[in-house]
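Asks: Below are the C-alpha coordinates for one structure; questions will follow.
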Amino acid sequence: MSLASPVAIAGVDGCPAGWVALVLLPGSEPTVRVYAVFSDLIDTLPADAVIAVDMPIGLPALATHGGRGPETIIRRFLGQRQSSVFSIPSRAAVYAATRSFTTVEAWYEDHRLASRVARETSDPPRGVSIQSFALLPKIRELDMLLRERPKLRDNVFESHPELAFWRLNGERAMSLPKKVKGKVNPPGMTERRHLLARHGLDPVMLQTPVAGAGADDVLDAAAMLLIAARIARDEATPFPDPPLRDEHGLRVAIYA
(Lines give C-alpha, C1' and ligand atoms only; values in the text may rest on other atoms or scores of the structure.)
Protein backbone atom coordinates (compact mmCIF):
# COMPACT_ATOMS: atom_id res chain seq x y z
CA MET A 1 0.00 0.00 0.00
CA SER A 2 1.24 3.49 -0.73
CA LEU A 3 0.28 7.14 -0.40
CA ALA A 4 0.05 7.64 -4.16
CA SER A 5 -3.20 9.40 -5.03
CA PRO A 6 -4.59 11.28 -8.04
CA VAL A 7 -6.25 13.84 -5.75
CA ALA A 8 -5.77 15.42 -2.34
CA ILE A 9 -6.48 13.01 0.50
CA ALA A 10 -7.04 13.28 4.24
CA GLY A 11 -7.23 10.84 7.13
CA VAL A 12 -9.22 12.03 10.12
CA ASP A 13 -9.88 10.91 13.67
CA GLY A 14 -11.76 12.54 16.51
CA CYS A 15 -9.58 13.94 19.29
CA PRO A 16 -10.06 15.95 22.51
CA ALA A 17 -9.70 19.30 20.70
CA GLY A 18 -11.93 18.34 17.75
CA TRP A 19 -10.55 16.44 14.78
CA VAL A 20 -6.96 15.54 13.97
CA ALA A 21 -6.21 15.23 10.25
CA LEU A 22 -3.28 14.06 8.20
CA VAL A 23 -3.55 15.80 4.83
CA LEU A 24 -1.64 15.02 1.67
CA LEU A 25 -1.89 17.41 -1.29
CA PRO A 26 -0.52 16.31 -4.68
CA GLY A 27 3.20 17.03 -4.88
CA SER A 28 3.54 17.65 -1.14
CA GLU A 29 4.37 15.76 2.05
CA PRO A 30 1.72 14.85 4.62
CA THR A 31 0.94 17.46 7.26
CA VAL A 32 -0.83 17.10 10.61
CA ARG A 33 -3.28 19.61 12.03
CA VAL A 34 -6.13 19.73 14.55
CA TYR A 35 -9.44 21.35 13.52
CA ALA A 36 -12.08 22.43 16.03
CA VAL A 37 -14.91 21.44 13.68
CA PHE A 38 -15.01 19.07 10.72
CA SER A 39 -16.23 21.72 8.29
CA ASP A 40 -13.06 23.74 8.90
CA LEU A 41 -11.05 20.85 7.48
CA ILE A 42 -13.40 20.51 4.52
CA ASP A 43 -13.06 24.19 3.68
CA THR A 44 -9.26 23.93 3.45
CA LEU A 45 -9.33 21.07 0.92
CA PRO A 46 -9.93 20.99 -2.84
CA ALA A 47 -13.48 20.08 -3.83
CA ASP A 48 -12.40 16.66 -5.13
CA ALA A 49 -10.40 15.64 -2.05
CA VAL A 50 -11.07 12.17 -0.65
CA ILE A 51 -11.45 11.91 3.13
CA ALA A 52 -11.48 8.78 5.28
CA VAL A 53 -12.70 9.31 8.83
CA ASP A 54 -12.93 7.12 11.90
CA MET A 55 -16.50 8.03 12.75
CA PRO A 56 -19.83 6.37 11.90
CA ILE A 57 -21.66 7.66 8.83
CA GLY A 58 -25.26 6.60 8.31
CA LEU A 59 -27.43 5.91 11.36
CA PRO A 60 -30.05 3.18 11.85
CA ALA A 61 -33.68 3.96 12.60
CA LEU A 62 -33.77 0.69 14.58
CA ALA A 63 -30.55 -0.64 16.10
CA THR A 64 -30.18 -4.42 16.04
CA HIS A 65 -27.88 -6.93 17.71
CA GLY A 66 -24.24 -6.33 16.83
CA GLY A 67 -24.81 -2.85 15.41
CA ARG A 68 -25.23 -1.86 11.80
CA GLY A 69 -24.25 -4.30 9.05
CA PRO A 70 -20.67 -2.95 8.78
CA GLU A 71 -19.79 -3.60 12.42
CA THR A 72 -21.03 -7.17 12.27
CA ILE A 73 -18.98 -7.86 9.14
CA ILE A 74 -15.64 -6.37 10.15
CA ARG A 75 -15.48 -7.85 13.65
CA ARG A 76 -14.85 -11.28 12.16
CA PHE A 77 -11.52 -10.06 10.73
CA LEU A 78 -10.15 -8.47 13.88
CA GLY A 79 -9.71 -11.29 16.37
CA GLN A 80 -8.87 -9.88 19.81
CA ARG A 81 -9.11 -6.34 18.40
CA GLN A 82 -12.83 -6.69 17.62
CA SER A 83 -13.77 -5.07 20.92
CA SER A 84 -12.70 -1.75 19.37
CA VAL A 85 -15.75 -1.90 17.06
CA PHE A 86 -18.66 -0.25 18.86
CA SER A 87 -22.29 -0.89 18.01
CA ILE A 88 -23.94 2.30 16.76
CA PRO A 89 -27.22 3.30 18.46
CA SER A 90 -30.30 4.53 16.61
CA ARG A 91 -30.52 7.99 15.10
CA ALA A 92 -33.14 8.91 17.75
CA ALA A 93 -30.71 7.93 20.52
CA VAL A 94 -27.84 9.86 18.91
CA TYR A 95 -30.00 13.01 18.89
CA ALA A 96 -31.78 12.41 22.22
CA ALA A 97 -29.53 14.73 24.23
CA THR A 98 -27.75 17.58 22.47
CA ARG A 99 -27.04 20.21 25.14
CA SER A 100 -23.55 21.27 26.13
CA PHE A 101 -22.53 19.81 29.46
CA THR A 102 -21.81 22.13 32.39
CA THR A 103 -21.76 19.55 35.20
CA VAL A 104 -20.98 15.88 35.66
CA GLU A 105 -24.55 15.38 36.86
CA ALA A 106 -25.93 16.79 33.59
CA TRP A 107 -23.62 14.48 31.63
CA TYR A 108 -24.94 11.40 33.44
CA GLU A 109 -28.52 12.64 33.15
CA ASP A 110 -28.17 12.95 29.37
CA HIS A 111 -26.48 9.55 29.18
CA ARG A 112 -29.50 8.04 30.93
CA LEU A 113 -31.81 9.83 28.48
CA ALA A 114 -29.87 8.60 25.44
CA SER A 115 -29.85 5.07 26.86
CA ARG A 116 -33.60 5.14 27.45
CA VAL A 117 -34.25 6.24 23.87
CA ALA A 118 -31.74 3.67 22.62
CA ARG A 119 -33.56 0.87 24.42
CA GLU A 120 -36.86 2.05 22.91
CA THR A 121 -35.38 1.99 19.40
CA SER A 122 -33.37 -1.23 19.44
CA ASP A 123 -34.16 -4.93 19.12
CA PRO A 124 -33.22 -6.47 21.46
CA PRO A 125 -33.35 -3.40 23.74
CA ARG A 126 -29.88 -2.01 24.44
CA GLY A 127 -28.66 1.19 26.09
CA VAL A 128 -25.70 3.37 25.10
CA SER A 129 -22.30 2.50 26.54
CA ILE A 130 -20.25 5.26 28.17
CA GLN A 131 -17.68 4.97 25.37
CA SER A 132 -20.32 5.31 22.65
CA PHE A 133 -22.03 8.20 24.45
CA ALA A 134 -18.78 10.16 24.42
CA LEU A 135 -18.73 9.87 20.62
CA LEU A 136 -22.28 11.10 20.04
CA PRO A 137 -21.46 14.83 19.64
CA LYS A 138 -18.99 14.07 16.85
CA ILE A 139 -21.36 11.56 15.24
CA ARG A 140 -24.04 14.28 15.19
CA GLU A 141 -21.61 16.87 13.84
CA LEU A 142 -20.60 14.70 10.90
CA ASP A 143 -24.16 13.51 10.28
CA MET A 144 -25.53 17.06 10.16
CA LEU A 145 -22.72 18.22 7.88
CA LEU A 146 -23.33 15.45 5.33
CA ARG A 147 -27.07 16.05 5.40
CA GLU A 148 -26.66 19.83 4.98
CA ARG A 149 -24.00 19.54 2.26
CA PRO A 150 -25.01 16.50 0.17
CA LYS A 151 -22.15 16.91 -2.32
CA LEU A 152 -19.73 15.92 0.44
CA ARG A 153 -21.22 12.43 0.49
CA ASP A 154 -19.13 11.53 -2.55
CA ASN A 155 -15.94 12.60 -0.79
CA VAL A 156 -16.22 11.54 2.85
CA PHE A 157 -15.95 7.83 3.70
CA GLU A 158 -16.20 5.96 6.96
CA SER A 159 -13.33 3.69 7.93
CA HIS A 160 -12.07 2.12 11.15
CA PRO A 161 -8.49 2.13 12.43
CA GLU A 162 -8.25 -1.54 13.37
CA LEU A 163 -9.74 -2.58 10.03
CA ALA A 164 -7.24 -0.25 8.33
CA PHE A 165 -4.37 -1.81 10.28
CA TRP A 166 -5.72 -5.26 9.34
CA ARG A 167 -5.53 -4.24 5.69
CA LEU A 168 -2.07 -2.70 6.08
CA ASN A 169 -0.87 -5.82 7.90
CA GLY A 170 -1.66 -8.18 5.04
CA GLU A 171 -5.21 -8.79 6.25
CA ARG A 172 -4.03 -9.92 9.69
CA ALA A 173 -5.28 -8.32 12.89
CA MET A 174 -2.71 -6.51 15.00
CA SER A 175 -1.19 -8.73 17.68
CA LEU A 176 -1.10 -6.11 20.43
CA PRO A 177 -3.81 -3.75 21.74
CA LYS A 178 -3.41 -0.01 21.23
CA LYS A 179 -4.90 0.66 24.65
CA VAL A 180 -5.22 -1.36 27.85
CA LYS A 181 -7.90 -0.34 30.36
CA GLY A 182 -8.29 3.01 28.61
CA LYS A 183 -4.58 3.86 28.68
CA VAL A 184 -2.18 3.90 25.73
CA ASN A 185 -0.23 0.65 25.42
CA PRO A 186 3.34 1.53 24.29
CA PRO A 187 4.12 -1.85 22.63
CA GLY A 188 0.87 -1.68 20.65
CA MET A 189 1.65 1.88 19.58
CA THR A 190 5.15 0.87 18.47
CA GLU A 191 3.74 -2.04 16.46
CA ARG A 192 1.41 0.34 14.62
CA ARG A 193 4.06 3.04 14.04
CA HIS A 194 6.39 0.50 12.46
CA LEU A 195 3.59 -0.73 10.20
CA LEU A 196 2.65 2.81 9.12
CA ALA A 197 6.31 3.61 8.42
CA ARG A 198 6.59 0.54 6.19
CA HIS A 199 3.77 2.02 4.14
CA GLY A 200 5.52 5.33 3.54
CA LEU A 201 4.71 7.57 6.50
CA ASP A 202 7.48 9.47 8.24
CA PRO A 203 8.18 7.83 11.64
CA VAL A 204 9.32 11.15 13.10
CA MET A 205 6.00 12.75 12.19
CA LEU A 206 4.15 9.83 13.75
CA GLN A 207 5.95 10.35 17.07
CA THR A 208 5.79 14.15 17.19
CA PRO A 209 3.25 15.36 19.79
CA VAL A 210 0.26 17.26 18.38
CA ALA A 211 -1.43 19.75 20.70
CA GLY A 212 -5.06 18.79 21.27
CA ALA A 213 -4.70 15.21 20.03
CA GLY A 214 -3.53 12.01 21.66
CA ALA A 215 -0.67 10.01 20.22
CA ASP A 216 -3.14 7.21 19.43
CA ASP A 217 -5.42 9.67 17.61
CA VAL A 218 -2.55 10.65 15.33
CA LEU A 219 -1.80 7.01 14.48
CA ASP A 220 -5.46 6.36 13.74
CA ALA A 221 -5.61 9.41 11.45
CA ALA A 222 -2.48 8.14 9.69
CA ALA A 223 -4.16 4.79 9.07
CA MET A 224 -7.19 6.67 7.72
CA LEU A 225 -4.90 8.57 5.32
CA LEU A 226 -3.69 5.32 3.78
CA ILE A 227 -7.29 4.14 3.38
CA ALA A 228 -8.18 7.48 1.74
CA ALA A 229 -5.38 6.80 -0.76
CA ARG A 230 -6.88 3.38 -1.49
CA ILE A 231 -10.32 4.92 -1.99
CA ALA A 232 -8.92 7.61 -4.32
CA ARG A 233 -7.22 4.89 -6.41
CA ASP A 234 -10.47 2.85 -6.45
CA GLU A 235 -8.77 0.00 -4.58
CA ALA A 236 -10.71 0.05 -1.32
CA THR A 237 -13.41 -2.42 -0.38
CA PRO A 238 -16.61 -1.34 1.37
CA PHE A 239 -18.06 -3.60 4.06
CA PRO A 240 -20.76 -4.46 3.12
CA ASP A 241 -20.35 -4.39 -0.65
CA PRO A 242 -22.41 -2.74 -2.02
CA PRO A 243 -22.91 -0.23 0.81
CA LEU A 244 -26.23 0.14 2.57
CA ARG A 245 -28.09 3.49 2.85
CA ASP A 246 -29.78 5.03 5.84
CA GLU A 247 -33.13 6.84 5.85
CA HIS A 248 -31.44 10.06 4.69
CA GLY A 249 -29.53 8.40 1.86
CA LEU A 250 -26.18 8.41 3.66
CA ARG A 251 -23.84 5.58 2.74
CA VAL A 252 -23.52 2.91 5.45
CA ALA A 253 -20.24 1.04 4.94
CA ILE A 254 -16.77 0.82 6.47
CA TYR A 255 -13.97 1.07 3.88
CA ALA A 256 -10.54 -0.53 3.89
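The values are calculated or read from the model by the stated rules, or taken from the named source; none is laboratory data. Everything numeric in this text was worked out from a predicted model, so none of it was measured. Heads up, the Cβs are rebuilt from the backbone with ideal geometry, glycines too, and the neighbour counts pull from every protein chain shown.
Asks: Considering every residue within region 141-161, establish whether at least one is crowded, with 21+ Cβ neighbours inside 10 Å, assigned to a helix (DSSP H, G or I) and touching an Asp or Glu at 6+ places or on another chain (Cβ under 8 Å).
Replies: The answer is yes; a qualifying residue exists.
Asks: While we're on this one: From 213, 164, which residue is at negative phi, crowded, with 20+ Cβ neighbours inside 10 Å and either aromatic (Phe, Trp, Tyr) or part of a loop (DSSP other than H, G, I, E, B) (or both)?
Replies: Numbers: 164 fails: either aromatic (Phe, Trp, Tyr) or part of a loop (DSSP other than H, G, I, E, B) (or both).
After ruling out the rest, the residue left standing is 213.
Asks: Just wondering, is there one or more residues in region 169-187 that are of a type in the set (A, V, I, L, M), in a helix (DSSP H, G or I) and over 16 Å from the mean Cα position of the chain (by Cα)?
Replies: No, region 169-187 contains no residue that is of a type in the set (A, V, I, L, M), in a helix (DSSP H, G or I) and over 16 Å from the mean Cα position of the chain (by Cα).
Asks: Another question, then. Answer yes or no as to whether residue 61 is of a type in the set (Gly, Ala, Ser), at pLDDT 95 or above, in a loop (DSSP other than H, G, I, E, B) and within 21 Å of residue 252 (Cα to Cα).
Replies: Against the criterion (of a type in the set (Gly, Ala, Ser), at pLDDT 95 or above, in a loop (DSSP other than H, G, I, E, B) and within 21 Å of residue 252 (Cα to Cα)), residue 61 qualifies.
Asks: Only one residue in 36, 49 is of a type in the set (Gly, Ala, Ser), under 30 Å from residue 173 (Cβ atoms) and touching a strand residue (DSSP E or B) at 6+ places or on another chain (Cβ under 7 Å), so which one is that?
Replies: 49
Asks: Check region 212-224 and report whether any residue there is more than 16 Å from the chain's Cα centre (by Cα) and of a type outside the set (A, V, I, L, M). Reasoning before the result, please.
Replies: Let us first name the residues in region 212-224 that are more than 16 Å from the chain's Cα centre (by Cα), namely 212.
From the residues that got through so far, the ones that are of a type outside the set (A, V, I, L, M) too are 212.
Yes, region 212-224 contains at least one residue that is more than 16 Å from the chain's Cα centre (by Cα) and of a type outside the set (A, V, I, L, M).
Asks: Another one. Residue by residue through region 119-171, note down the ones that are among the acidic types (Asp, Glu) and within 23 Å of residue 225 (Cα to Cα).
Replies: As a first pass, look at region 119-171 and keep what is among the acidic types (Asp, Glu): 120, 123, 141, 143, 148, 154, 158, 162, 171.
Within region 119-171, 141, 143, 154, 158, 162, 171 meet the criteria.
Asks: In this structure, does residue 247 turn out to be over 14 Å from residue 2 (Cα atoms), more than 20 Å from the chain's Cα centre (by Cα) and assigned to a loop (DSSP other than H, G, I, E, B)?
Replies: yes
Asks: What number of residues in region 5-37 are surrounded by 12 or more Cβ atoms within 10 Å (Cβ to Cβ) and assigned to a loop (DSSP other than H, G, I, E, B)?
Replies: 8
Asks: Here's a check for you: in region 69-116, which residue that is touching a strand residue (DSSP E or B) at 6+ places or on another chain (Cβ under 6 Å) and part of a loop (DSSP other than H, G, I, E, B) is nearest to residue 220 (Cα to Cα)?
Replies: By that ranking, first place goes to 89.
Asks: Moving to a separate point now. From the list 97, 106, pick out the single residue that is without any contact (Cβ under 8 Å) to a residue 40 or more places away in the chain, crowded, with 18+ Cβ neighbours inside 10 Å and closer than 24 Å to residue 36 by Cα.
Replies: That would be 97, the only listed residue that is without any contact (Cβ under 8 Å) to a residue 40 or more places away in the chain, crowded, with 18+ Cβ neighbours inside 10 Å and closer than 24 Å to residue 36 by Cα.
Asks: So, one more: Which residue is surrounded by the fewest Cβ atoms within 10 Å (Cβ to Cβ), if the candidates are limited to region 117-140 and must be part of a helix (DSSP H, G or I), touching a residue at least 40 places away in the same chain (Cβ under 8 Å) and small (Gly, Ala, Ser)?
Replies: Going residue by residue through region 117-140, those that are part of a helix (DSSP H, G or I) are 117-120, 130-140.
Still in the list and also touching a residue at least 40 places away in the same chain (Cβ under 8 Å): 118, 131-132, 135-136, 138-140.
In the following step, the residues that additionally are small (Gly, Ala, Ser) were identified as 118, 132.
Working: 118: 24, 132: 22.
Selected residue: 132.
Asks: Within region 38-48, work out how many residues are out of contact with any helix residue (DSSP H, G or I) (no Cβ under 8 Å at 6 or more places or on another chain) and either under 20 Å from residue 143 (Cβ atoms) or part of a helix (DSSP H, G or I) (or both).
Replies: 5
Asks: Six or more apart or on different chains, Cβ atoms under 6 Å: show the pairs whose first residue is in region 171-196 and buried (at least 18 other Cβ atoms within 10 Å of the Cβ) and whose second is assigned to a loop (DSSP other than H, G, I, E, B) and of a type in the set (D, E, K, R).
Replies: 188/178
Asks: Sort through 162, 171, 158 and tell me the only one that's touching a Ser or Thr at 6+ places or on another chain (Cβ under 7 Å) and either closer than 24 Å to residue 16 by Cα or not hydroxyl-bearing (Ser, Thr, Tyr) (or both).
Replies: 162
Asks: Right, another one. Being under 30 Å from residue 246 (Cβ atoms), in contact with a helix residue (DSSP H, G or I) (Cβ under 6 Å, 6 or more places away or on another chain) and among the charged types (D, E, K, R) narrows it down to one residue among 153, 149; which is it?
Replies: 153
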